[in-house]
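To start, the structure itself, in structure tokens.
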Amino acid sequence: MKRFAVAVTAILVLALSALPALANKFEDIKKKGVLVAGVKDSQPPFGYVDEASKQIVGFEIDLMAAIAEKMGVKLEIKPVTSSTRIPMLSQGEIDVVAATMTHSRERDKTIDYSITYFSTDQKLLVKKDGGIKSIKDLAGKKIGSAKGSTSEKNAKAAQPQATIISFETYPEAFLALKQGKVEAVTTDEAILHGLRNKDDKPDDFAVVGEAISAEPYGLGIVENESKLRDAINFALMDLWTEGKYQQIYNKWFGKDTKYYIPLTWTMELWP
Ligand code: GLU
């Protein structure tokens, strides 16, 4: 009987050691002491290179720094684009995506998301005197957007008679608009205002049209890492209730900034 018990134990130990270690990204991050966030580096004021310091700065960088602080770890940032952010997350190069990424059902099939931390709508950026007022005016015309974005897909659906030209980044699409290679740039209104207002001649351009789609941003987290998702969600809610979220928001989108967007939505808060 005793020998049987020993044999069973030995088999169990062997079987268990053959199982892959249970994933727990939260514990790994705590152990490393570093949270690695993928951020944009050409989208003022979400994430962009500050001309003076040459550092990537912005709303999403400050928000992630505040989340990392709540988790008791340091923040490290890596630049991503709309097309690289999900592959980089899935391959473990970053722990979280904080890069103007809409929470869509389609993307939720492969990654998880935090609660919404920013809310905007998709619109058009055009030349002020170009005669384009709405997506309807773009039949037979070219529209610039970014590869891997919801914007390129939504534009195709909203105006099937237009040609969508997808660039790696939004500033490249904006340059194409200036050069007359496209008639409009389409993406989230908050990003379009950022491109326009950072430009030397913002008055030459206008953000126009009805909302093409709703674009709620969530932080992207690898699938099935529920401890990490809880930590991020709780941090976001605490930042909101403490007023720290609003402080960061006002620094980048407040009345005194050139990227002014009134805060008109409320974060989902769990009791
Ligand atoms: N929010 C949209 C998206 O996630 C457009 C902005 C972007 O490409 O980052 O695709």
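Rundown of residues vs (1) basic (Lys, Arg); (2) touching a strand residue (DSSP E or B) at 6+ places or on another chain (Cβ under 6 Å), yes/no style:
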{"position": "Val34", "(1), (2)": "no, yes"}
{"position": "Lys40", "(1), (2)": "yes, yes"}
{"position": "Pro45", "(1), (2)": "no, no"}
{"position": "Gly58", "(1), (2)": "no, yes"}
{"position": "Asp62", "(1), (2)": "no, no"}
{"position": "Ala66", "(1), (2)": "no, no"}
{"position": "Glu69", "(1), (2)": "no, no"}
{"position": "Val80", "(1), (2)": "no, yes"}
{"position": "Arg85", "(1), (2)": "yes, yes"}
TODO: Return the pairs, sorted by first residue and then second, in which the second residue is among the polar types (S, T, N, Q) and more than 13 Å from the ligand (Cβ to nearest atom), the first residue lies in the range 89-114 and is under 12 Å from Gly218 (Cα atoms) and assigned to a strand (DSSP E or B), the beta carbons are less than 9 Å apart, and the residues are 6+ apart or on different chains.
DONE: Val96/Ser114; Ile111/Ser90; Asp112/Asn224; Asp112/Ser226; Ser114/Asn233
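Can you work out which of the residues in the range 67-87 that are open to solvent by 40 Å² or more (accessible area, probe 1.4 Å) and part of a helix (DSSP H, G or I) is nearest to Ser149 (Cα to Cα)?
Pro87
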Open item on the list: Suppose we keep only residues that are within 11 Å of the ligand (Cβ to nearest atom), part of a loop (DSSP other than H, G, I, E, B) and not acidic (Asp, Glu) within the range 135-187. Which one would you say is surrounded by the fewest Cβ atoms within 10 Å (Cβ to Cβ)?
Closed with: Lys147
TODO: State which residue pairs qualify: first residue within 15 Å of Ile111 (Cα to Cα) and inside the range 223-236, second residue assigned to a helix (DSSP H, G or I) and among the acidic types (Asp, Glu) in any location, beta carbons under 8 Å apart, and separation of 6 or more residues or different chains.
DONE: Lys227/Glu27
- [ ] Could you give me the residue pairs with C-beta distances under 6 Å whose first residue belongs to the range 45-62 and is open to solvent by 50 Å² or more (accessible area, probe 1.4 Å), whose second residue is not in a loop (DSSP other than H, G, I, E, B) wherever it lies, and which are 6+ apart or on separate chains?
- [x] Val49/Ile56
Open item on the list: One residue is enough: does the range 212-225 have a residue meeting the conditions within 30 Å of Glu27 (Cβ to Cβ), more than 16 Å from the ligand (Cβ to nearest atom) and crowded, with 23+ Cβ neighbours inside 10 Å?
Closed with: no
- [ ] Taking only the range 93-129 into account, find how many residues are farther than 30 Å from Trp240 by Cα and open to solvent by 50 Å² or more (accessible area, probe 1.4 Å).
- [x] 3
TODO: Go through the residues of the range 194-206 one by one and say whether even a single one is within 16 Å of the ligand (Cβ to nearest atom), in contact (Cβ under 8 Å) with a residue 60 or more places away in the chain and either at positive phi or not in a helix (DSSP H, G or I) (or both).
DONE: no
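The values are calculated or read from the model by the stated rules, or taken from the named source; none is laboratory data. These figures come from a predicted structure and were not determined experimentally. Methodologically, a virtual Cβ is constructed for each residue, glycine included, from the backbone with ideal geometry; neighbour enumeration extends over all protein chains shown. In case anyone asks, the SASA skips ligands and DNA or RNA and just uses the protein heavy atoms, side chains included. Shrake-Rupley method; radii C 1.70, N 1.55, O 1.52, S 1.80 Å.
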